Ligand code: HDE
């Protein structure tokens, strides 16, 4: 007797390929262009009218076609995830560069030929399923590898640390950040009293708060953010030797963030901003990529770091243990059906394969319980592993049986082990398997304790490391974020307590945050008097870590998939525009001609320039850069349009590259961008490119604009608060 997760659909092979998973999923897909039937397969005679007692009479209960349809509709919602409810996902594959046999027996990390199929779900944490993508929040980065040895889930986030150290505080943390229970306000936002009340009373949150108030919480795109396994895991090699490991995902497109004002506006203009971005990129063949990086260390090395690697509020600076790139993840196929795949996928940090193991991190230990448990209520029973997206592509055999929605048909008389009655098809246990629970020090220290280890006591030194590693512009953003969030906290004592804690990260940070909050100056001593406060700092050998900063650096990937708005109106000069537009397109950017109306605008040479969208439908926050085309008539008309003026000013305020050609330059001057105070020490406007109105000048203009776009944002633009947008 063989029970298979494949349900008899396809056999397991030595090295599964992405095609195997696709084939498995497609065997469940419905057939297009068929006659409508009921769920029992009966053809539906009329899908517009229910069965009634006479033309104008009441509907008859016997109309089983109506009842079936309405009943199914009535039950088509399932509970959303209690956290990470809003997400977007894609299929792809993972391939390791070089066998990692020195560290792990995991087959997918040893077979360099294997293209392991993956399904990756990105998410926000706090908002509900219909909330906006660009909320200030942590992002989930969950990867399911369908390996030949079973499914392996790396269920991580886009930040390498977490708010709390012990799983027992997770429900409190989430209750504090979710909408308040009496009025269910606010949606997808931490800027309210209960979150900061909790955070200020739990100093262990401080390091993660620094990340959550940084631009990491406002990714430009899922494709442009890092991922982290967060906890320290173990790898076990063929000799049974154990190493500690931290997992990192490094995006090919570099790391980029949004401005906070921009993120809030996008939430209204296009709540699906990140979801759409991922979908569109894959549809256009711009497949997002990440490198998997590992920080691998012996247990002795881990013990010498000066902090506890089992504490999830700590990261291991890359300067102390380098991140080694070991493989590549590519996402190349959108799901066929959101509910069937993205909503029903069930991740679990305990879905491991031999050669990868967990540690005693008390946050991870709690997660090992939570994820299966939550699927029971979310997916309605213990058979969620049989849902197509959750099925492995290797065989599954065991004697678990029955339960809600069971699909596997277990054959024969026997559903227990050992047995002698299964007539040659009994399931065996392979005693030779290495990996789980085989690590050398898998012992527990008596006695049982309900206490935190003193090695978890330092809550501030890494928060200070993070702060010290930021550029001045990044520091400004963090200060502004704390001010924004705490200004929405009605309870003065909470605001005060929070800045008192921040004084233990950095005195200037706390002072700057406090300055706009109508409270007393920060008092570090007051924080020390609080329950839960530990006045302990472990020494770190470094004061800053460059890898923590998102400071703009020219991307290796150039400006691929960046969106450029070209503002034009009747009279636009396409002779000077074309070479710039062509160079941008050649460099992989997407150019959109925007005008006040759809259709086309008339060029100065009497031709037509097709318009991609209106300025109103695609506002500046949808773009990475702006180009004001030349042509006197066009520039003058744009200058008279409030929408166009606002568009340029807003892009400028959000520190985006701005380019103007020919008469378009006059528009910038009119807006004060050229003449105004926003010049840097060298008298330049960072990220502003002015091009002459000729085809010959186009090459230089394009080069300068592309260089400005490679930096993505010019956060160092001076006096940006003075811009009225
Ligand atoms: Fe989760 N988390 N979590 N979490 N988590 C869930 O599982 C939980 C934590 C993460 O796209 C839930 O299936 C506890 C850290 C992601 O489907 C739930 C604790 C990290 C996702 C759950 C944590 C994560 C979840 C809700 C503290 C980064 C979305 C729905 C002990 C390493 C996965 C579900 C997806 C989802 C519990 C902390 C990442 C309730 C108890 C730390 C990416 O089981």
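Just so you know, all these numbers are worked out from the coordinates, no wet-lab data involved. All values derive from a computational prediction rather than experimental measurement. Glycine also receives a Cβ, built like all others from the backbone with ideal geometry; neighbour counts cover every protein chain displayed.
Each label point is 7 Å from the Cα along the Cα-to-Cβ direction; what then is the distance between the points at residue 508 and residue 172, in nm? With each label point 7 Å from Cα toward Cβ, the separation is 3.4 nm. Computed from the C-beta positions of residue 77 and residue 51 and an R0 of 41 Å, the FRET efficiency is 0.95 to the nearest 0.05.
In segment 557-722, the DSSP beta bridges split such that about 15 percent are antiparallel, to the nearest 5. Extension gain, residue 707 to residue 339, is 128.3 nm, computed as 0.36 nm per intervening residue step minus the present C-alpha separation. One chain, two ends: residue 39 and residue 369. Fully extended at 0.36 nm per residue, the span grows by 115.2 nm beyond their Cα-Cα distance.
Sort segment 497-611 into rounded, prolate or oblate with this rule: let a ≥ b ≥ c be the square roots of the eigenvalues of the Cα gyration tensor; rounded if a/c is under 1.5, and if a/c is not under 1.5, prolate when a/b is larger than b/c, oblate otherwise. Prolate is the answer for segment 497-611, as a/c is 1.5 or above and a/b outweighs b/c.
What separates the Cα centres of segment 204-241 and segment 356-396 is a distance of 20 Å. Exposure proxy shown here: for 236, 296, the number of other Cβ atoms within 10 Å sets the order, fewest to most, as 296, 236. Extending 7 Å from Cα along the Cβ direction at residue 407 and again at residue 279 yields two label points whose distance is 2.4 nm. Which of rounded, prolate, oblate describes the chain, given a ≥ b ≥ c as roots of the alpha-carbon gyration tensor eigenvalues and a/c under 1.5 marking rounded, otherwise prolate only if a/b is larger than b/c? Oblate. Given their separation in residues at 0.36 nm each and the Cα-Cα distance between them, residue 607 and residue 299 gain 103.8 nm when the chain is fully extended. In the chain, helices alone account for a calculated mean residue ellipticity at 222 nm of -7500 deg cm²/dmol, with every DSSP H run of four or more residues adding -39,500 (n - 2.57). Label segment 557-722 by shape, choosing from rounded, prolate and oblate, from the square roots a ≥ b ≥ c of the eigenvalues of the Cα gyration tensor; if a/c is under 1.5 it is rounded, and otherwise prolate applies when a/b is larger than b/c, oblate when it is not. Verdict is rounded for segment 557-722.
For the chain, DSSP calls about 75 percent of its internal beta bridges antiparallel. Distance from the C-alpha centroid of segment 143-195 to that of segment 701-725: 34 Å, rounded to the whole angstrom. Residue order for 577, 305, fewest other beta carbons within 10 angstrom first, comes to 305, 577. Listed by Cβ neighbour count within 10 Å, with the fewest neighbours leading, 722, 415 appear as 722, 415. If R0 equals 56 Å, the separation of the Cβ atoms of residue 695 and residue 546 corresponds to a calculated FRET efficiency of about 0.85.
Placing a label point 7 Å from the Cα of residue 490 along the Cα-to-Cβ direction, the residues of segment 171-211 with a backbone N closer than 11 Å are 183, 193-194.
Comparing Cα centroids, segment 519-550 and segment 300-332 end up 22 angstrom apart.
Name the residues of segment 609-637 whose amide N is less than 18 Å from a point 7 angstrom out from the Cα of residue 563 along the C-beta direction? Within reach of a label on residue 563, which here means backbone N under 18 Å from a point 7 Å along Cα→Cβ, segment 609-637 contributes 611-628.
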